[in-house]
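Before any comments, here is the structure.
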Amino acid sequence: MNLIPLLFSALALFTLTANGQGGPVLYQTYCSACHGTQGQGGAEGAAPPLAKSLWAQGDPDRMIKVVLHGLMGEIEVLGKEYNLVMPPQGAVLNDGQIAAILTHVRSLGNGGEKVSTDRVAAVRAKYEEREAYWKGDELLKDHPLPSPPGPLKNLVRKFYALPKDQRSMLDYAKLEANASSRQPNGLINLEGYSEKDHFGLVWEGELNVRREGQFSFTLDSDDLSALYIDDKKVVEVSGLGGMGRAKTGKATLHPGVVKVRVEYLEFTGFTGIAASWSGSGIRGTQSLSSTKVVSNQKPKINLIELKPEGNRAVHYRNFIAGTGNRSFSVGYPGGVNLVFNQENCGLELLWHGRFFDAGPRWKNRGTVRSFPLSAQVYHLQKGSPFPGQAFSFKGMELDERSYPTFHYHVGNLTVRDRPEPNDKGIVRTLSIESEGASELVFAPINSQSVRGLNLASRGLTARQDGTFLLPLDKGDNSFTFHYGIQ
Amino acid sequence: MNRFFPIFLFPVLLLGAVTAWANKFNNEALDQEMSRYYLREEIPMPKDVVFEPGSIALLPEQRIAVGTRRGEVWICEGAYGDDLSKVSWTPYFEGLHEPLGMYWQDGALYYTDREQVGRMVDRNGDDRPDWVETISAPWGLTGNYHEYAFGTTPDPQGNVFVTLCLTGSFNAQAQWRGWVMKIAADGTATPYASGVRSPGGIGYDAEGNLYYTDNQGVWNGTSCLKHVVEKKFTGCPIGNVYYKDAPNMGPQPPDPINQSRIVKERERIPELVPPAVQFPHGVVGQSPTAVIPDHTAGKFGPFAGQLLVGEQTHSEVQRVFLETVNGVRQGAVWEFLSGFEAGIVPMRLSDGGTLFIGGTTRGWGSRGNKPFTFERVRWKNVVPFETKTMEALPDGFRLTFTEPVDPVTAGDLASYQAKAWTYIYQKKYGSPMVDHVDANITSARVAPDGLSVELTVSPLTKGHVHHLQSAGVKSKSGQPLWHPDAYYTLNEIPNP
């Protein structure tokens, strides 16, 4: 049997759909290369998934805005961080096409609710003048991600107005609540109160324990909070202070329903509460609050560490924090590292220890500058080390170990600049070829804040302003500077 | 567990699944047909290295240098051989800044990277450079990731041309962003042409004319191949603030009027050179990259003298035919090679007809779903039945074919369909297809040798992309065209 004609007629059918602006076909044409044919996301994290994503659920205006005007910067999708650019499609696709595409995306495990052409048209009209890309937090402020119902059943939240001097936890049982409301979303949240000062909240609800075992409860708050299971305190966050002070407590629980009570007190300023639990029968950690508990252990490790290998120096050229945009970075065996900025012929950064993290430049599009992997980096230069002189960079000579000698011109002088690492830092030799007798002002360090660095030169003394006057004869002249960085 | 499968979703899901499957089938069918004419092979890459090719240089003795987006340069041996398992790699250097242009000349490896045009020289023959020279670094940088620089091979006078992406692809905060610069062999830099937005590659045609690819975005309705003419403007006015520093360029041209058409603005702005060929977005790729001519005089198939253009998102190679009409370069694009493993960025074609392509997917998605790839394509000496050229006539188009056509189908008007449209020339990002025109094919005259057909097309619309589908045309041996769809950008209509 020949299937081919059948297959081609299937193709013809879908070509027809494309002419009729069918969502699936439009999606394949405009979106699938980056977001995957099934909305599963691009290879190598090229673009976030759209299938089963909260971003594609709930308020459709969030997605409409992204498609119309684009999205730039950091966002989190399905627990993974992205920092990319979604180009705006508002000038390419009409309202009907966008509605069809988004309706298709909604069908990819996102609840299937249709997006209407009118809705797209309304958002387009409202933001007619907008040219800027949206930022993730800007979108989420107006269109928060829908939160799936939390695990707390029969949750009730009580509000207590407190006196202005109330800074410590109190016995809420003795107070009368000013307000009380059911919380059908099953999550501890501050909705309606996050801008207020001097108040208390108490949440009471039930958790279903499936299996016997030990459970961990983690709590974080701004300011005070405590969590009780069946009226026994399991964990508390004491003292005034901000989020980021998460505490964990343990409780052994039996299968069945347990009572959960969380008490909270806000003095002034920022507010926040987050709680979670983990243990038998729970996959990973389950959040008990609309704000997720953030681990105190930061930062995230996303390192691509560059190191010299064997007796060879390692070279790195990229956009580096703390120097110009045309710089040579060299990491020597033994742990001395430097950055030479070819835009001003200056030795700008010097440090001992680990070389560079290239991760910020070599992941995704590389939107962040690379930084040296050391807390103590000496910033030696600001501007040119040859004040008042015209200079031009020529190139870099490399020896068999890949150690560089930088070549440049200062005025009509030819300079070879050779840093050589040793266990105390570097010995820097300037070899200057002059056509006649003259002198040159050189500032081996011209930034003010270089504490702990020793500079010495054989046979030369620094002048009051820190510069050196280099006497030049016709022919080759050599000067040596020791930079001690231990 | 969800007990109630949402039955109402089923037809939508089915449609989606079938569409994806149909697309997949379509792509696979094309790949399969390609394998009759061209052999695509993955070349083993250095082990445990994030390779991400950004530039390729062909060296003497069948050696190849590949520059990666991480700034490494590797030398490859064995990539021309029949047994690719014998390919070996030597690390050459690791300190470039995302080189996107590289060539070999007189014992030196020349490169264009984000920061400069430079060269590396290995004087002692240990396959490591001992001299890394900055030849020219005339453009500005703010440190933005979009500040890419693509460089050519040298022209006969030794000049290298560099096309400079706008900062963030939207602004010209740093000097010469949005320009093409000419870098002479002695390092002298001269602003050469304005109007660049976000290039993906730069190169020459077989006659030495210069082109770069520019991606859909602001002031660029759809991705295109732009002809670079000295002292002219290719369309995006954002970088034009630097005319103040470019006395050789003459006065700054007036800015285009927003939401106009290129054909209209050409009347107002004499410096404006229209895109030689527009690539309809999503239809013929959506991120064009490398530009190289087929200079092999037939060793890479029957398209000698034409241009090959890389495509990042669709992991393809397009084929472009160009001609000059009323002094303006224009022509047609066809989809050509497909199925590559990652998004294509650099390409080089050897004199002997081996096409080397490098692919990287990082930061930008592609159909090929590997993170990076290095591949080669060779012609199998089997001529595909294709439209070889599409030339504009005063009243239609002349098609030539790679083999004689069946005069009955080629002479039948029903074998052809023609449509035309253009794009809005605007500061917004991209453009829909607009100003649609249904063109009628009123006659099809087959040449006695069967190698060409003259079509009368009415109307022809100046400035429009003309999509000609020749799905009914068969070769003498009964084959349909491998790629029946051609897209001709009719900047100018020839005079009768």
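Okay, residues lined up against (1) modelled with pLDDT under 95; (2) touching a Leu at 6+ places or on another chain (Cβ under 6 Å); (3) not assigned by TED's automatic domain parsing to the domain that holds B:PHE51:
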{"residue": "B:THR360", "(1), (2), (3)": "no, no, no"}
{"residue": "B:GLY363", "(1), (2), (3)": "yes, no, no"}
{"residue": "B:GLU375", "(1), (2), (3)": "no, no, no"}
{"residue": "B:ALA410", "(1), (2), (3)": "no, no, yes"}
{"residue": "B:TRP421", "(1), (2), (3)": "no, no, yes"}
{"residue": "B:ILE424", "(1), (2), (3)": "no, no, yes"}
{"residue": "B:THR442", "(1), (2), (3)": "no, no, yes"}
Unmet requirement for B:SER169, which otherwise passes all of (1) at pLDDT 95 or above; (2) at positive phi; (3) buried (at least 24 other Cβ atoms within 10 Å of the Cβ); (4) not acidic (Asp, Glu): (1)
Tally of residues being hydrophobic (A, V, I, L, M, F, W, C) and within 30 Å of A:GLY388 (Cβ to Cβ) across the range A:325-364: 10
Strands (runs of 3 or more DSSP E) enclosed by the range B:250-345 - at least 2 residues per element that are surrounded by fewer than 19 Cβ atoms within 10 Å (Cβ to Cβ) and assigned by TED's automatic domain parsing to the domain that holds B:PHE150: B:316-325
Whichever residue in the range A:75-90 is within 14 Å of chain B (Cβ to nearest Cβ) and not polar (S, T, N, Q) and, among such residues, is surrounded by the fewest Cβ atoms within 10 Å (Cβ to Cβ): A:TYR82
Any hit, the range B:281-296, residues being touching a strand residue (DSSP E or B) at 6+ places or on another chain (Cβ under 6 Å) and over 26 Å from B:ARG367 (Cα atoms): no
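Okay, residues lined up against (1) in contact (Cβ under 8 Å) with a residue 40 or more places away in the chain; (2) more than 16 Å from A:VAL262 (Cβ to Cβ); (3) over 37 Å from the mean Cα position of the chain (by Cα):
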position	(1), (2), (3)
A:LYS158	yes, no, no
A:LYS164	no, yes, yes
A:ALA173	no, no, yes
A:ASN178	no, yes, yes
A:GLY186	no, no, no
Candidates A:HIS104, A:HIS69 - the one that is at pLDDT 90 or above and either charged (D, E, K, R) or in contact with a strand residue (DSSP E or B) (Cβ under 8 Å, 6 or more places away or on another chain) (or both): A:HIS69
Strands (runs of 3 or more DSSP E) completely within the range B:411-496 that count 2 or more residues being of a type in the set (A, V, I, L, M, F, W, C) and away from every other protein chain (no Cβ under 14 Å): B:417-423, B:433-446, B:452-458, B:465-469
Close pairs from the range A:109-128: first assigned by TED's automatic domain parsing to the domain that holds A:GLY39, partner exposed (fewer than 14 other Cβ atoms within 10 Å of the Cβ) and modelled with pLDDT under 95, Cβ under 8 Å, at least 6 apart: A:GLY112/B:PRO6; A:GLY112/B:PHE8
Single unsatisfied condition, B:GLY396 versus (1) within 14 Å of another protein chain (Cβ to nearest Cβ); (2) at pLDDT 95 or above: (1)
Residues (among the aromatic types (Phe, Trp, Tyr) and touching a His at 6+ places or on another chain (Cβ under 7 Å)) located in the range B:392-435: B:TRP421
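With respect to A:ARG326, is the statement that it is surrounded by 17 or more Cβ atoms within 10 Å (Cβ to Cβ), among the basic types (Lys, Arg), within 26 Å of A:VAL450 (Cβ to Cβ) and within 14 Å of chain B (Cβ to nearest Cβ) true?
In short, yes.
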Residue among B:VAL121, B:VAL160 that alone is more than 14 Å from B:ALA184 (Cβ to Cβ) and of a type in the set (A, V, I, L, M): B:VAL121
Yes/no for A:LEU380 being among the hydrophobic types (A, V, I, L, M, F, W, C), in contact (Cβ under 8 Å) with a residue 40 or more places away in the chain and away from chain B (no Cβ under 14 Å): yes
Top-ranked residue in the range A:91-109 [being more than 7 Å from chain B (Cβ to nearest Cβ) and small (Gly, Ala, Ser); ranked as surrounded by the fewest Cβ atoms within 10 Å (Cβ to Cβ)]: A:GLY96
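Residues are listed down the side, and each one gets a yes or a no for (1) closer than 23 Å to B:TYR110 by Cβ; (2) modelled with pLDDT under 95; (3) among the polar types (S, T, N, Q):
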position	(1), (2), (3)
B:ALA184	yes, no, no
B:THR190	yes, no, yes
B:GLY195	no, no, no
B:ASP205	yes, no, no
B:ASN215	no, no, yes
B:ASN240	no, no, yes
B:VAL277	no, no, no
B:PRO288	no, no, no
Close pairs from the range A:32-46: first closer than 14 Å to B:THR360 by Cβ and at the interface with chain B (Cβ under 7 Å from one of its Cβ atoms), partner modelled with pLDDT under 90 and assigned to a helix (DSSP H, G or I), Cβ under 7 Å, at least 6 apart: A:GLY42/A:CYS34; A:ALA46/A:CYS34
Qualifying residue in the range A:127-138 (condition: loosely packed, with under 15 Cβ neighbours inside 10 Å, small (Gly, Ala, Ser) and at pLDDT below 90): yes
Hits in the range A:333-344 (condition: farther than 23 Å from B:THR68 by Cα, in a loop (DSSP other than H, G, I, E, B) and touching a Gly at 6+ places or on another chain (Cβ under 9 Å)): A:PRO333, A:GLY335, A:GLU343, A:ASN344
Selection from the range B:332-362 of residues that are at positive phi and touching a residue at least 60 places away in the same chain (Cβ under 8 Å): B:GLY339
Subset of the range B:356-385 (residues that are at the interface with chain A (Cβ under 7 Å from one of its Cβ atoms), of a type in the set (D, E, K, R) and more than 15 Å from B:PRO53 (Cα to Cα)): B:ARG367
Criterion (within 23 Å of B:ASP48 (Cα to Cα) and either hydroxyl-bearing (Ser, Thr, Tyr) or in contact with a helix residue (DSSP H, G or I) (Cβ under 9 Å, 6 or more places away or on another chain) (or both)) met by exactly one of B:ARG376, B:ARG367: B:ARG376
Out of B:GLU98, B:GLU115, sole residue that is on the phi > 0 side of the Ramachandran plot, within 13 Å of chain A (Cβ to nearest Cβ) and surrounded by 24 or more Cβ atoms within 10 Å (Cβ to Cβ): B:GLU98
Residues that are crowded, with 18+ Cβ neighbours inside 10 Å and assigned to a loop (DSSP other than H, G, I, E, B), drawn from the range B:188-201: B:GLY195, B:VAL196, B:ARG197, B:SER198
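The values are calculated or read from the model by the stated rules, or taken from the named source; none is laboratory data. Predicted, not measured: the structure shown is a model, and the values here were computed from it. With ideal geometry, Cβ positions are generated from the backbone for all residues, glycine too; neighbour counts draw on all protein chains shown.
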